[in-house]
Amino acid sequence: MYVIGKSGPNVLERPFLKMGARVKFGEPQTSRWTRTVNPVALDVRSDREGEFFLVSKRADVRVEVLEVKPRERHLVLLARVPNDSGQETKSRFLLGHDERHWFVAAIPERSPVSTVAAAKQALKPERVVLVEGSVKNKVRQRRINKARIRQGEWFFIPVPSLKVDPKRTFKNEPLRRGAGKPHVCQELYREGGELVYISRRYPNGLSPAEYVSLSEQEKKQTVWRTMTRNPHVYVHGTVRQPR
């Protein structure tokens, strides 16, 4: 296990070097997407030497690498974020290299994984696990197989019979989970889902009932916008994550 402690971040560089990656460290910045400052943020950036991981965190956030697989070029990273009550929130990430680029994928909080293999499996929605039942085990972890395509933490399953309303199809639309950095889809179409109210303080959204329960003062202190949470999402064309 590798930990950022008082001795500095050099200890954490070792597992990154083992899998052939560069890493840099910095202070957390305001997100241009949510206008909030996250206690810890992981990203892939580029410079003249190529791609590198950027780990940005508050001074009180502890970061650990739980496992590194040099041959697979993957590692699992754990961030411990303390709160005002003395407890801590644990966030896990899978960092690695696919066929073309380095990537960062947030692991669902319900999955307290500690290995690369478990992290890969935890990132798969139930429907993906189901459709991969017809795929050989040796190709299930590839970025592309006959059942689906993976882009970062997102999985895309072909739906050739889908008919969409062109008036409800959006161009260059962001695709985001929580307060993370979104992917941008060339074309995106949504169906169903629930209405939520989004603000800087509530980047994951409030239901209409939760929003109504707020005081009038709290409602007026920030700018709100409405979005749809957990809809059925369909995309067409390229899916990219801005650098």
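Mind checking whether some residue in region 170-179 is of a type in the set (Lys, Arg) and modelled with pLDDT under 90? Yes, that holds for at least one residue. Against the conditions (1) in contact (Cβ under 8 Å) with a residue 12 or more places away in the chain; (2) in a loop (DSSP other than H, G, I, E, B); (3) more than 20 Å from His183 (Cβ to Cβ), Arg14 satisfies every one except (2).
For (1) hydrophobic (A, V, I, L, M, F, W, C); (2) over 20 Å from Pro182 (Cβ atoms), each residue gets a yes or a no:
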{"position": "Glu67", "(1), (2)": "no, yes"}
{"position": "Phe93", "(1), (2)": "yes, no"}
{"position": "Ala106", "(1), (2)": "yes, no"}
{"position": "Thr115", "(1), (2)": "no, yes"}
{"position": "Lys120", "(1), (2)": "no, yes"}
{"position": "Pro125", "(1), (2)": "no, no"}
{"position": "Lys136", "(1), (2)": "no, yes"}
{"position": "Arg140", "(1), (2)": "no, yes"}
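Reported count of residues in region 60-74, each being part of a loop (DSSP other than H, G, I, E, B) and farther than 16 Å from Val11 by Cα, is 5. Yes or no: region 71-78 includes at least one residue that is touching a His at 6+ places or on another chain (Cβ under 6 Å), under 18 Å from Ile107 (Cα atoms) and buried (at least 16 other Cβ atoms within 10 Å of the Cβ). Within region 71-78, one or more residues are touching a His at 6+ places or on another chain (Cβ under 6 Å), under 18 Å from Ile107 (Cα atoms) and buried (at least 16 other Cβ atoms within 10 Å of the Cβ).
All conditions but one from (1) in contact (Cβ under 8 Å) with a residue 24 or more places away in the chain; (2) crowded, with 16+ Cβ neighbours inside 10 Å apply to Val164; the one that does not is (2). Within the option set Leu66, Leu94, being in the same structural domain as Asn10 (by TED's automatic domain parsing) and surrounded by fewer than 20 Cβ atoms within 10 Å (Cβ to Cβ) holds for one residue only, Leu66.
Looking at Glu216, Glu191, just one residue is in contact with a His (Cβ under 7 Å, 6 or more places away or on another chain), surrounded by fewer than 17 Cβ atoms within 10 Å (Cβ to Cβ), more than 30 Å from Val55 (Cα to Cα) and not assigned by TED's automatic domain parsing to the domain that holds Pro28, and that residue is Glu191.
For Val131, state whether it is at pLDDT 90 or above, under 29 Å from Arg92 (Cα atoms) and not assigned by TED's automatic domain parsing to the domain that holds Glu99. For Val131, the condition - at pLDDT 90 or above, under 29 Å from Arg92 (Cα atoms) and not assigned by TED's automatic domain parsing to the domain that holds Glu99 - is met. Please work out if Glu88 is free of Cβ contacts under 8 Å to residues at least 40 places away in the same chain and surrounded by 13 or more Cβ atoms within 10 Å (Cβ to Cβ). Criteria met by Glu88.
Only residues that are surrounded by 14 or more Cβ atoms within 10 Å (Cβ to Cβ), among the β-branched types (Val, Ile, Thr) and free of Cβ contacts under 8 Å to residues at least 40 places away in the same chain: list them for region 114-134, please. Of everything in region 114-134, those that are surrounded by 14 or more Cβ atoms within 10 Å (Cβ to Cβ), among the β-branched types (Val, Ile, Thr) and free of Cβ contacts under 8 Å to residues at least 40 places away in the same chain turn out to be Val128, Val131. Under the condition of being crowded, with 17+ Cβ neighbours inside 10 Å and either polar (S, T, N, Q) or in the same structural domain as Leu95 (by TED's automatic domain parsing) (or both), the residues counted in region 146-161 number 1.
The values are calculated or read from the model by the stated rules, or taken from the named source; none is laboratory data. Note that this is a predicted model, so its numbers are computed, not measured. Methodologically, a virtual Cβ is constructed for each residue, glycine included, from the backbone with ideal geometry; neighbour enumeration extends over all protein chains shown.
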